[in-house]
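The values are calculated or read from the model by the stated rules, or taken from the named source; none is laboratory data. Just so we're clear, the structure is a prediction, and the values are computed from it rather than from any experiment. Cβ placement follows ideal geometry from the backbone for every residue including glycine, while neighbour counts extend to all protein chains displayed. Surface accessibility is based on the protein's heavy atoms, side chains included, excluding ligands, DNA and RNA. Shrake-Rupley method; radii C 1.70, N 1.55, O 1.52, S 1.80 Å.
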Amino acid sequence: MLIVGDKKYVEASFESEAELEKVVEAHHHDIFGSLSVYLPKQLVSTTGGEGSVPDGFVIDPESRRWYIVEVELSTHSVWSHIAPQVAKQIIGATQPATKRQLIDAAINKIRNDDEYTDSLQEMDIDALDVHRLFQTILD
């Protein structure tokens with residue numbers, strides 16, 4: 001167990017990556033920030049045509065950051081499995097077409113979420129500026 005302040009972290013085992021992916025998605029606000037937008041798996045491709053499917057993406061307007069989410073069990077090899085996969089994902093996710101795809105998906109996800117829109121307005125971010133904000137973050 002790890003204790004930080006009043007928070008306790010308990011080690012847990014997972015049967016599969018799918019189980020762990022569900023936990024990450026369900027708790028993305030705790031992991032990435034309360035206004036973070038979690039986007040599900042989607043194919044990203046490099047300019048050379050190499051493709052990979054990250055487990056998700058997160059855009060966080062509060063921290064002005066975005067994340068590629070790749071969930072792996074500790075039993076997978078870092079150099080033969082994880083590193084090549086993540087390298088393809090980073091290159092693919094930085095392509096202009098992929099960024100547009102992610103921005104569109106994020107906008108569609110929050111489009112009818114009045115609570116989210118209210119939270120953005122509290123940060124002085126007008127609903128009309130959300131696209132520009134997400135574009136700035138991904139750039």
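Among the residues of the range 101-122, write down those that are among the basic types (K, R) and over 15 Å from the mean Cα position of the chain (by Cα).
Restricting attention to the range 101-122, the residues satisfying the condition of being among the basic types (K, R) are 109, 111.
Across the range 101-122, the qualifying residue is only R111.
I'd like the residue in the range 115-139 that is aliphatic (A, V, I, L, M) and either in a helix (DSSP H, G or I) or at pLDDT 95 or above (or both) and, out of all such residues, is most open to solvent (accessible area, probe 1.4 Å).
Going through the range 115-139, the residues aliphatic (A, V, I, L, M) turn out to be 120, 123, 125, 127-128, 130, 133, 137-138.
Narrowing further to those that are either in a helix (DSSP H, G or I) or at pLDDT 95 or above (or both): 120, 127-128, 130, 133, 137-138.
On the way: L120: 6, A127: 57, L128: 152, V130: 8, L133: 20, I137: 15, L138: 5 Å².
Step by step, filter the range 115-139, then rank; the result is L128.
If I filter the range 81-98 for residues that are at pLDDT 95 or above, over 22 Å from F14 (Cβ atoms) and hydroxyl-bearing (S, T, Y), do I get at least one hit? I'd like the intermediate steps shown before the answer.
Taking the range 81-98 and keeping what is at pLDDT 95 or above, we get none.
No, there is no match, as no residue in the range 81-98 is at pLDDT 95 or above, over 22 Å from F14 (Cβ atoms) and hydroxyl-bearing (S, T, Y).
Please identify the pairs in which a residue from the range 1-30 that is closer than 28 Å to K41 by Cβ has its Cβ atom under 6 Å from the Cβ atom of a residue that is open to solvent by 90 Å² or more (accessible area, probe 1.4 Å) and part of a loop (DSSP other than H, G, I, E, B), counting only partners at least 6 apart or on another chain.
Sorted first by the residue in the range 1-30, then by its partner, the pairs are V10/M1.
When you go through S36, S74 one by one, which is the residue that is more than 18 Å from L138 (Cα to Cα) and of a type in the set (G, A, S)? Step through it out loud before you land on a result.
Values: S36 fails: more than 18 Å from L138 (Cα to Cα).
Step by step, each of S36, S74 is checked, and only S74 is more than 18 Å from L138 (Cα to Cα) and of a type in the set (G, A, S).
Check off (1) touching a Phe, Trp or Tyr at 6+ places or on another chain (Cβ under 8 Å); (2) modelled with pLDDT under 90; (3) small (G, A, S) for G56 and give me the number that stays unchecked.
That leaves (2) as the condition not met.
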